[in-house]
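Notes follow the structure.
Every read-out reported here was derived from the displayed coordinates using simple, explicitly stated rules and does not represent laboratory data. The structure displayed is predicted, hence computed values, not measured ones. Cβ coordinates were reconstructed from backbone atoms using ideal geometry, including for glycine residues, and neighbour counts include every protein chain displayed.
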Amino acid sequence: MEYTRSGDLIALRVNRGEEIISCVKTVCEKEQVHFGSISGIGAVDHVVVGLYHVADKRYESNTFDGEMEVTSLLGNATEKEGQVYLHFHAAFAKEDGQVVGGHLNEARVSGTAEIFIHTAPGSIDRKADPVTGLNLFDF
C-alpha cells in the first residue's frame, strides 16, 4: 500500500494481494485519524460480508471468491477504547453483473483499490448498546 495526504484528505492505494480493511486501519493509526469518512473503488478476488441480526445480536457472514469490481465502498473511522474503530459497508459486482454486499469484514485486492479517507478534527467514540449489541456513536 501507498498513500499521500493533502490537508484533510488521504489518498490510499491498496495493492494486489493486500487486505483493504487492515491497510485502512494502518493508515488511520499512522495519521491519527479518529473521525473521518471513507470511500473507495477497486477490484477484489475474495470478500467476506455480513448482515447483522439485531434480534440475535450477531452477524451472519458470507464469503465470495472470484473476480469482482468494488462498485461501492463506504465507511467511517471513529474510535473505541482509545483505538481506531472502522465500520464499512460495500457492494461487489461479479462477472455476470450480480451484486453482493453488506457489512464488510474482509476484502483482498486482486488488481488495485483506490481509497479516500476524509478526516475531521476531533474524535467520535463508540460504546456497546445493550439493546442492539451494536457499537454505537457515543457523543
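If Ser72 satisfies all but one of (1) in contact with a helix residue (DSSP H, G or I) (Cβ under 9 Å, 6 or more places away or on another chain); (2) closer than 11 Å to Phe92 by Cβ, what's the number of the condition it fails?
Ser72 satisfies all of (1) in contact with a helix residue (DSSP H, G or I) (Cβ under 9 Å, 6 or more places away or on another chain); (2) closer than 11 Å to Phe92 by Cβ except (1).
What number of residues in the range 92-109 are of a type in the set (Gly, Ala, Ser) and surrounded by fewer than 18 Cβ atoms within 10 Å (Cβ to Cβ)?
Qualifying residue count for the region: 2.
Every residue in the range 46-57 that is out of contact with any strand residue (DSSP E or B) (no Cβ under 7 Å at 6 or more places or on another chain) and without any contact (Cβ under 8 Å) to a residue 60 or more places away in the chain, please. Write out each step before concluding.
Residues of the range 46-57 out of contact with any strand residue (DSSP E or B) (no Cβ under 7 Å at 6 or more places or on another chain): 54-57.
Selection gives Ala55, Asp56.
Matching residues to (1) under 22 Å from Val33 (Cα atoms); (2) of a type outside the set (Ser, Thr, Tyr); (3) out of contact with any Ser or Thr (no Cβ under 8 Å at 6 or more places or on another chain); (4) in a strand (DSSP E or B):
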residue	(1), (2), (3), (4)
His46	no, yes, no, yes
Leu51	no, yes, yes, yes
Ser61	no, no, yes, yes
Glu69	no, yes, yes, yes
Leu74	yes, yes, no, yes
Leu104	yes, yes, yes, yes
Arg108	no, yes, yes, yes
Ser123	yes, no, no, no
Lys127	yes, yes, yes, yes
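For Phe35, state whether it is closer than 19 Å to Leu136 by Cα and in contact with a His (Cβ under 8 Å, 6 or more places away or on another chain). So that I can check it myself, show each step before the final result.
Numbers: closer than 19 Å to Leu136 by Cα: yes; in contact with a His (Cβ under 8 Å, 6 or more places away or on another chain): no.
Spelling it out, it is not the case that Phe35 is closer than 19 Å to Leu136 by Cα and in contact with a His (Cβ under 8 Å, 6 or more places away or on another chain).
Could you please tell me which pairs satisfy a Cβ distance under 6 Å, a separation of 6+ or placement on different chains, a first residue in the range 71-88 that is touching a residue at least 24 places away in the same chain (Cβ under 8 Å), and a second residue that is assigned to a loop (DSSP other than H, G, I, E, B)?
Sorted first by the residue in the range 71-88, then by its partner, the pairs are Ala77/Val33; Thr78/Ile124; Glu79/His34; Glu79/Ser123.
With the requirement that a residue be in a loop (DSSP other than H, G, I, E, B) and either touching a helix residue (DSSP H, G or I) at 6+ places or on another chain (Cβ under 9 Å) or farther than 30 Å from Pro121 by Cα (or both), what does the range 33-44 give you?
Within the range 33-44, Val33, His34 qualify.
Counting only residues that are touching a strand residue (DSSP E or B) at 6+ places or on another chain (Cβ under 7 Å) and either assigned to a loop (DSSP other than H, G, I, E, B) or among the small types (Gly, Ala, Ser) (or both), which one in the range 1-32 is nearest to His118 (Cα to Cα)?
Ranking the qualifying residues of the range 1-32, first place goes to Asp8.
Go through the residues of the range 87-95 one by one and say whether even a single one is part of a strand (DSSP E or B), more than 24 Å from Pro130 (Cβ to Cβ) and over 12 Å from the mean Cα position of the chain (by Cα).
yes
Being aliphatic (A, V, I, L, M) and either within 15 Å of Val109 (Cα to Cα) or crowded, with 17+ Cβ neighbours inside 10 Å (or both) is the filter here, so list the residues in the range 1-42 that pass it.
Met1, Ile10, Leu12, Val14, Ile20, Ile21, Val24, Val27, Val33, Ile38, Ile41 - these are the residues of the range 1-42 that are aliphatic (A, V, I, L, M) and either within 15 Å of Val109 (Cα to Cα) or crowded, with 17+ Cβ neighbours inside 10 Å (or both).
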